[in-house]
């Protein structure tokens with residue numbers, strides 16, 4: 001059963017076998033696996049519970065309702081806009097459905113550097129089950145929209161690797177509104193799959209419940225304390241929920257999971273350190289013909305041609321949907337120049353380059369600490385490695401769109417660079433880069449509670465058990481020691497399915 | 001003037017001085033007030049802060065010449081400042097305080113003067129001066145000014161272009177309600 005914040009009239013104390021904090025791909029998966037095995041499971045989720053009839057395809061409704069900080073989450077200096085889900089189902093409610101297994105070379109890096117025990121063989125059955133349950137299948141090229149097709153055709157003309165993606169949908173109408181909650185339940189989010197499975201086996205889900213801290217003593221976690229929120233206002237109702245389980249699983253996602261550990265005084269090891277974002281730079285390419293990037297599957301093509309670069313950090317290229325609100329926030333400038341770009345919205349192809357972070361020697365990534373109100377504060381300073389990669393990504397995007405016949409390509413620098421020919425690309429090398437001098441975004445948050453054998457370098461052990469508190473697990477994208485180089489949802493599901501076995505063992 | 005600006009930009013103390021400037025007497029040059037629409041009760045902004053945000057939205061969302069696609073409403077018609085007030089009201093106390101300081105600084109005549117602009121509040125500048133003031137914040141070497149500019153620009157844009165009243169002006173036909181309705185109906 002799913003309980004909403006305003007359906008609870010008094011303080012509650014619950015004593016299940018397992019308390020799971022968060023209901024995204026990590027929490028929902030562990031809940032399903034454990035409930036199926038007979039455990040009494042309670043899931044606490046800060047976000048609200050929403051269904052397809054409430055997804056009105058309006059950005060002004062969706063972002064405040066379904067995203068962290070009502071759609072305004074950002075790094076402390078606002079230089080990085082953070083798109084991160086906040087709802088029953090977590091990020092799976094609002095992501096763009098792109099589904100990849102964890103690359104073999106990434107798993108090898110984790111094993112070599114951090115003592116991870118994850119192998120392709122160990123994860124294969126978990127990925128296979130996830131793919132079947134979520135209907136993950138490769139997109140036919142004919143089903144891509146013009147926004148994605150431009151990437152495909154441009155890459156092909158340049159001889160670059162490119163392919164269609166795999167998506168977790170069934171009966172997709174390709175409306176283009178994945179990021180605002182699927183209005184027809186085609187997207188196989190956790191809300192439609194693993195959570196109902198868990199609930200059918202007796203799991204209880206409490207929506208609108210912000211876990212403020214974990215109580216612990218010695219090497220044992222004793223309780224998770226939740227503040228109940230009103231579903232409409234998200235303000236605290238004044239009621240609390242105290243859960244005293246045998247095992248606690250933190251699955252709040254990167255940024256929120258490390259913040260919860262810090263609020264709880266669990267600051268052993270590198271909590272909040274080495275947070276990875278796949279930092280994104282974007283470009284807008286203007287075509288004579290209408291692109292209508294607001295309709296169609298938002299992401300159906302990707303190029304990993306530049307994933308492994310000798311010059312520095314790798315990056316991969318994908319599309320972003322082109323709805324007015326998100327586009328206006330991302331586009332550079334103000335006043336007449338901004339309005340002129342917006343008036344060409346239907347003719348814009350929006351393409352992003354996602355930096356693969358975490359693989360450079362000494363690379364530190366971002367840091368999560370606590371804001372005065374206890375929420376996560378994110379700092380992610382950029383240096384030469386990042387700037388080189390951003391510039392390379394911008395130039396690659398411009399090149400593929402010029403090859404595909406775009407009239408002009410605009411950068412998202414504060415002073416936008418207009419590119420109509422190859423020679424114009426030089427300007428990207430000299431344009432100033434720094435916080436809020438160009439647009440940077442993230443939709444893939446990872447790390448901050450990294451897994452590893454060495455407690456000085458990792459928060460949880462290779463089985464995702466906390467190094468100090470033995471009945472506490474962290475199971476979500478925050479345990480990844482690096483970025484992935486692919487969209488993370490399926491990796492989180494697969495690793496969580498694998499980790500559920502270790503949580504179950506801790507129960508017995 | 002150039003040396004003062006240089007000092008402000010280069011020192012950490014500059015940021016403190018800039019914050020203090022919000023209370024300096026030159027700032028007594030008052031904000032040009034603007035009335036919220038009838039029925040709009042302010043939850044977070046003071047009347048002065050509402051007026052500053054409304055003035056910022058007017059320039060951030062300004063356009064020149066006739067609308068090429070379809071008529072676009074003025075920011076005031078969408079009540080960008082009023083909706084910003086409602087959006088910001090539940091923010092944590094620390095963020096609320098930061099925002100209020102930001103707005104006070106942005107409309108501060110002394111601060112404008114110290115930064116090489118006209119010695120008057122933003123709300124009393126002419127449109128060209130306002131654009132230059134915004135541009136100076138957008139590209140400032142002081143990171144806190146760039147951050148402040150982004151905060152105001154992003155929320156103003158989100159509110160304006162998130163409004164269905166503006167969709168036609170950017171060539172966006174809006175969500176495909178009929179398609180969704182027909183498919184859901186058929187499934188039922």
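The values are calculated or read from the model by the stated rules, or taken from the named source; none is laboratory data. This one's a predicted model, so the numbers in the text were calculated from it and none came from an experiment. No Cβ is skipped: glycine too gets one built from the backbone with ideal geometry, and neighbour counts run over all protein chains shown.
Just to be sure, is residue A:96 more than 12 Å from chain B (Cβ to nearest Cβ) and closer than 16 Å to residue A:316 by Cβ? Don't jump to the end; show me each part of the working.
Values: more than 12 Å from chain B (Cβ to nearest Cβ): yes; closer than 16 Å to residue A:316 by Cβ: yes.
Here the answer is yes, as residue A:96 does meet what is asked.
Return the pair list, or none, for Cβ contacts closer than 7 Å from residues in region A:59-72 that are more than 9 Å from chain B (Cβ to nearest Cβ) to residues that are surrounded by 23 or more Cβ atoms within 10 Å (Cβ to Cβ) and part of a helix (DSSP H, G or I), at least 6 apart or on different chains.
Pairs that qualify, where the first residue is more than 9 Å from chain B (Cβ to nearest Cβ) and the partner is surrounded by 23 or more Cβ atoms within 10 Å (Cβ to Cβ) and part of a helix (DSSP H, G or I), are A:62/A:180; A:66/A:93.
Within the group A:315, A:294, which residue is buried (at least 24 other Cβ atoms within 10 Å of the Cβ), in contact (Cβ under 8 Å) with a residue 60 or more places away in the chain and within 14 Å of another protein chain (Cβ to nearest Cβ)? Let's see the steps before the verdict.
Working: A:315 fails: within 14 Å of another protein chain (Cβ to nearest Cβ).
After applying the criteria, what remains is A:294.
Suppose the filter is in a helix (DSSP H, G or I), buried (at least 18 other Cβ atoms within 10 Å of the Cβ) and away from chain B (no Cβ under 14 Å); does residue A:401 pass it? Full working, then the answer.
Values: in a helix (DSSP H, G or I): yes; buried (at least 18 other Cβ atoms within 10 Å of the Cβ): yes; away from chain B (no Cβ under 14 Å): yes.
When the stated conditions are applied, residue A:401 passes them.
State the number of residues belonging to region A:77-86 that are more than 9 Å from chain B (Cβ to nearest Cβ) and in contact with a helix residue (DSSP H, G or I) (Cβ under 9 Å, 6 or more places away or on another chain). Break it down stepwise before answering.
First pass over region A:77-86, keeping only residues more than 9 Å from chain B (Cβ to nearest Cβ): A:80, A:82-86.
Now drop any that are not in contact with a helix residue (DSSP H, G or I) (Cβ under 9 Å, 6 or more places away or on another chain), which leaves A:82-86.
Selection size over region A:77-86: 5.
Among the residues of region A:324-339, how many are at the interface with another protein chain (Cβ under 7 Å from one of its Cβ atoms) and without any contact (Cβ under 8 Å) to a residue 40 or more places away in the chain?
Applying the first criterion (at the interface with another protein chain (Cβ under 7 Å from one of its Cβ atoms)) to region A:324-339 yields A:324-325, A:328-329, A:334-336, A:339.
Keeping just the survivors that are without any contact (Cβ under 8 Å) to a residue 40 or more places away in the chain gives A:328, A:334-336, A:339.
Selection size over region A:324-339: 5.
Criterion first (surrounded by 19 or more Cβ atoms within 10 Å (Cβ to Cβ) and modelled with pLDDT of 95 or more) does residue A:360 satisfy it?
Details: surrounded by 19 or more Cβ atoms within 10 Å (Cβ to Cβ): no; modelled with pLDDT of 95 or more: yes.
For residue A:360, the condition - surrounded by 19 or more Cβ atoms within 10 Å (Cβ to Cβ) and modelled with pLDDT of 95 or more - is not met.
Could you tell me how many of the residues in region B:155-178 are loosely packed, with under 15 Cβ neighbours inside 10 Å and more than 22 Å from residue B:82 (Cβ to Cβ)? Give the steps one after another, and end with the answer.
First, the residues of region B:155-178 that are loosely packed, with under 15 Cβ neighbours inside 10 Å: B:164-165, B:173-174, B:177-178.
Now restrict to residues that are more than 22 Å from residue B:82 (Cβ to Cβ): B:173-174, B:177-178.
Number of matching residues: 4.
Is it true that some residue in region A:342-349 is at the interface with chain B (Cβ under 9 Å from one of its Cβ atoms), over 18 Å from the mean Cα position of the chain (by Cα) and buried (at least 24 other Cβ atoms within 10 Å of the Cβ)? So that I can check it myself, show each step before the final result.
At the first step, the residues of region A:342-349 found to be at the interface with chain B (Cβ under 9 Å from one of its Cβ atoms) are A:342-347.
From what's left, over 18 Å from the mean Cα position of the chain (by Cα): A:342-347.
This time we only want the ones that are buried (at least 24 other Cβ atoms within 10 Å of the Cβ), so: A:342, A:345.
Looking for residues that are at the interface with chain B (Cβ under 9 Å from one of its Cβ atoms), over 18 Å from the mean Cα position of the chain (by Cα) and buried (at least 24 other Cβ atoms within 10 Å of the Cβ), one finds at least one in region A:342-349, hence yes.
Name the helices (runs of 4 or more DSSP H) wholly inside region B:121-188 in which the number of residues that are more than 7 Å from every other protein chain (Cβ to nearest Cβ) and in contact (Cβ under 8 Å) with a residue 40 or more places away in the chain is 2 or more. Reasoning before the result, please.
Working: elements: B:127-138, B:143-161, B:177-187.
Those helices (runs of 4 or more DSSP H) span B:127-138, B:143-161.
Of everything in region A:435-473, what is within 16 Å of the chain's Cα centre (by Cα) and part of a strand (DSSP E or B)? Give them in sequence order.
Listed by number, the residues that qualify are A:440, A:441, A:442, A:446, A:447.
Quickly run through region A:138-155 and pick out the residues that are surrounded by 14 or more Cβ atoms within 10 Å (Cβ to Cβ) and under 24 Å from residue A:194 (Cβ atoms).
Matches in region A:138-155: A:139 only.
For region A:194-210, enumerate the residues that are in contact with a strand residue (DSSP E or B) (Cβ under 9 Å, 6 or more places away or on another chain) and closer than 17 Å to residue A:85 by Cβ.
First pass over region A:194-210, keeping only residues in contact with a strand residue (DSSP E or B) (Cβ under 9 Å, 6 or more places away or on another chain): A:195, A:198-199, A:201-210.
A:195, A:205, A:207, A:208, A:209, A:210, listed by residue number.
Just to check your reading of the model, which residue among A:508, A:496, A:478, A:416 is under 20 Å from the mean Cα position of the chain (by Cα), farther than 22 Å from residue A:369 by Cβ and either surrounded by fewer than 23 Cβ atoms within 10 Å (Cβ to Cβ) or modelled with pLDDT of 95 or more (or both)?
A:496
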